[in-house]
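Visitor: Please find one structure pasted underneath; my questions will follow.
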Amino acid sequence: MVRQRFDASDVRAMVRDLRSRLLGMRVSNIYDVNAKTYLLKLAEPGRDREVLLLESGSRFHSTRFELDKSAMPSGFAMKLRKHLRTKRLEDLRQLGTDRVVVFTFGIGESTNCLILELYAQGNIVLTAPDFTILALLRVHDYAGGAAARVGSVYPLAAATTT
């Protein structure tokens, strides 16, 4: 049974599990279930399709369950589709020992990172290769004055200490 809210050790275990199964798969589509939960459909010829559930502030895991999707995708889901669809999942890692996970899609100049924060209200942040924020679920100010806003650089150091 999947836990409803992950702690740092759950994140470490899930990253290890998903790395072994999902790296190299391509994003075929992205759906929003609600304002905090998104599904990434991943596919690769010769392999079973996988559905990755990302829930801001709570959890992430693969699922085989059919979840109801929004009839009309949100603006955030559309932005994710624009930047991630057809890209290969190249890396998946936990930031330090905290509840922050970085999914890296694509290579070179076309790289995008999807950062999932699993603490407090959480956040899902889409960045360019230099970690400039392209889209995010919610604007957030971190302790120490760093901020997560479109156009700013994602504060990696602040995210791992919040």
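The values are calculated or read from the model by the stated rules, or taken from the named source; none is laboratory data. Computed from a predicted structure; not experimentally measured. Here Cβ is always computed from backbone atoms with ideal geometry, including for glycine, and neighbour counts include all displayed protein chains.
Visitor: If I ask for residues that are under 13 Å from the mean Cα position of the chain (by Cα) and touching a residue at least 60 places away in the same chain (Cβ under 8 Å), which ones from the range 91-105 would you list?
Guide: Within the range 91-105, ASP91, LEU92, ARG93, GLN94, LEU95, ARG99, VAL100, VAL101, PHE105 qualify.
Visitor: Does any residue in the range 57-86 that is touching a residue at least 12 places away in the same chain (Cβ under 8 Å) and within 26 Å of ARG5 (Cβ to Cβ) come within less than 6 Å, Cβ to Cβ, of a residue that is surrounded by 17 or more Cβ atoms within 10 Å (Cβ to Cβ) and β-branched (Val, Ile, Thr) six or more places away or on a different chain, and which pairs are these?
Guide: THR63/VAL51; ALA77/ILE30; LEU80/ILE30; LEU84/VAL27
Visitor: Same structure again: What's the number of the condition ILE124 fails, among (1) free of Cβ contacts under 8 Å to residues at least 40 places away in the same chain; (2) surrounded by 19 or more Cβ atoms within 10 Å (Cβ to Cβ)?
Guide: Result: ILE124 passes all but (1).
Visitor: Ok, one more. Of a type in the set (A, V, I, L, M) and more than 25 Å from VAL153 (Cβ to Cβ): does that describe ALA128?
Guide: When the stated conditions are applied, ALA128 does not pass them.
Visitor: Only one of (1) more than 21 Å from TYR31 (Cβ to Cβ); (2) part of a helix (DSSP H, G or I) is not met by PHE76, so which one is it?
Guide: Of the numbered conditions (1) more than 21 Å from TYR31 (Cβ to Cβ); (2) part of a helix (DSSP H, G or I), the odd one out for PHE76 is (1).
Visitor: May I ask you to say which residue of THR86, THR104 is part of a loop (DSSP other than H, G, I, E, B) and among the polar types (S, T, N, Q)?
Guide: THR86
Visitor: Can you pull out every residue in the range 119-138 that is of a type in the set (A, V, I, L, M) and modelled with pLDDT of 95 or more?
Guide: ILE124, VAL125, LEU126, ALA128, ILE133, LEU134, ALA135, LEU136, LEU137
Visitor: Could you count how many residues in the range 107-123 are of a type in the set (D, E, K, R) and assigned to a strand (DSSP E or B)?
Guide: Result for the range 107-123: 1.
Visitor: Another one. Checking LEU40 against (1) surrounded by 15 or more Cβ atoms within 10 Å (Cβ to Cβ); (2) modelled with pLDDT under 95, which single condition isn't satisfied?
Guide: Here LEU40 clears every test but (2).
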